[in-house]
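Notes follow once the structure below has been shown.
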Amino acid sequence: MAGQLIQVATNTVTSPVASVTLTGINSDDVYMLAISNMTVSADTSMKMRLTYSSGTPDTSLNYDKATKQLRADTTFENIYGTNQDHFFLGTTSTSALQESFQGIYYLFNFNNASEYSFVTVEDATRNTSGLLRGQQGGFVVTQTRANDGIQILTDTANNIETGTFTLYKVV
């Protein structure tokens, strides 16, 4: 049956960690990353990196993105960047006031060393003031290499406090 999800890796964070890495991408299938109920130790921005060679994060300046941020408090924003060392996922806050981060990311060409890996983005966050923000768009790495997973981390020394991170193969 087409369109099934097969769980590849999962990590449920219940005590503070600096990052979450999920690996297991080993075919040319599309993969999906689901993040739910992620909270952090202090207000911070979240980022994603691709991993290769048994989970080694790619810190090169080959990350490009273009997304539309949908905001409940003002007009929508275009968010874009080139030649960065990560994908910016969004800003999130502590677990106070039911603040959290959720996201669905589809991962393409990760196992193919002759193609650029790219990611489509759909995520939402609620911050300290109760402001809801959503983001839709895409990320691309402008370097050809086989990637085996992803790493989620903050852009500061803050920790990920809670969350469920699950990587699926779409078959």
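Is region 58-75 home to any residue that is part of a loop (DSSP other than H, G, I, E, B) and free of Cβ contacts under 8 Å to residues at least 24 places away in the same chain? Yes, the conditions are met somewhere in region 58-75.
Every residue, every condition in (1) part of a loop (DSSP other than H, G, I, E, B); (2) closer than 19 Å to residue 9 by Cα, yes or no:
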residue: 105; (1), (2): no, yes
residue: 111; (1), (2): yes, yes
residue: 119; (1), (2): no, yes
residue: 122; (1), (2): no, no
residue: 129; (1), (2): yes, no
residue: 138; (1), (2): no, no
residue: 143; (1), (2): no, no
residue: 151; (1), (2): no, yes
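Table: residues versus (1) modelled with pLDDT of 95 or more; (2) of a type outside the set (A, V, I, L, M); (3) crowded, with 17+ Cβ neighbours inside 10 Å; (4) touching a helix residue (DSSP H, G or I) at 6+ places or on another chain (Cβ under 9 Å).
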position: 5; (1), (2), (3), (4): yes, no, no, no
position: 13; (1), (2), (3), (4): yes, no, yes, no
position: 20; (1), (2), (3), (4): yes, no, yes, no
position: 31; (1), (2), (3), (4): yes, yes, yes, no
position: 34; (1), (2), (3), (4): yes, no, no, no
position: 40; (1), (2), (3), (4): no, no, yes, no
position: 49; (1), (2), (3), (4): yes, yes, yes, no
position: 55; (1), (2), (3), (4): no, yes, no, no
position: 64; (1), (2), (3), (4): yes, yes, yes, no
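Any idea which of 161, 99, 115 is more than 17 Å from the chain's Cα centre (by Cα), of a type outside the set (Phe, Trp, Tyr) and closer than 22 Å to residue 18 by Cβ? Only one candidate qualifies: 99. Of the residues making up region 67-80, not a single one is under 12 Å from the mean Cα position of the chain (by Cα) and surrounded by 20 or more Cβ atoms within 10 Å (Cβ to Cβ).
Take region 43-57 and flag every residue that is part of a strand (DSSP E or B), in contact (Cβ under 8 Å) with a residue 24 or more places away in the chain and hydroxyl-bearing (Ser, Thr, Tyr). First the steps, then the outcome.
Just the residues of region 43-57 that are part of a strand (DSSP E or B), to begin with: 44-52, 56-57.
From the residues that got through so far, the ones that are in contact (Cβ under 8 Å) with a residue 24 or more places away in the chain too are 44-52, 57.
Across region 43-57, the qualifying residues are 44, 45, 51, 52.
Residue-by-condition table, conditions (1) at pLDDT 95 or above; (2) of a type in the set (Asp, Glu); (3) in contact with a helix residue (DSSP H, G or I) (Cβ under 8 Å, 6 or more places away or on another chain); (4) more than 30 Å from residue 73 (Cβ to Cβ):
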| residue | (1), (2), (3), (4) |
| --- | --- |
| 112 | yes, no, no, yes |
| 126 | no, no, yes, no |
| 159 | no, no, no, no |
| 162 | no, no, no, no |
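Here 56, 75 are screened, and the one residue that is over 27 Å from residue 169 (Cβ atoms) and of a type in the set (S, T, N, Q) is 75.
Figure legend. Inter-residue proximity from region 111-138: first residues free of Cβ contacts under 8 Å to residues at least 60 places away in the same chain and within 16 Å of residue 44 (Cα to Cα), second residues surrounded by 16 or more Cβ atoms within 10 Å (Cβ to Cβ) and hydrophobic (A, V, I, L, M, F, W, C), beta-carbon distance below 9 Å, spacing 6+ or different chains. Indicated pairs: 124/101; 125/38; 125/46; 125/89; 125/101; 126/101.
The values are calculated or read from the model by the stated rules, or taken from the named source; none is laboratory data. The structure displayed is predicted, hence computed values, not measured ones. Virtual Cβ from ideal backbone geometry, glycine too; neighbours counted across all protein chains shown.
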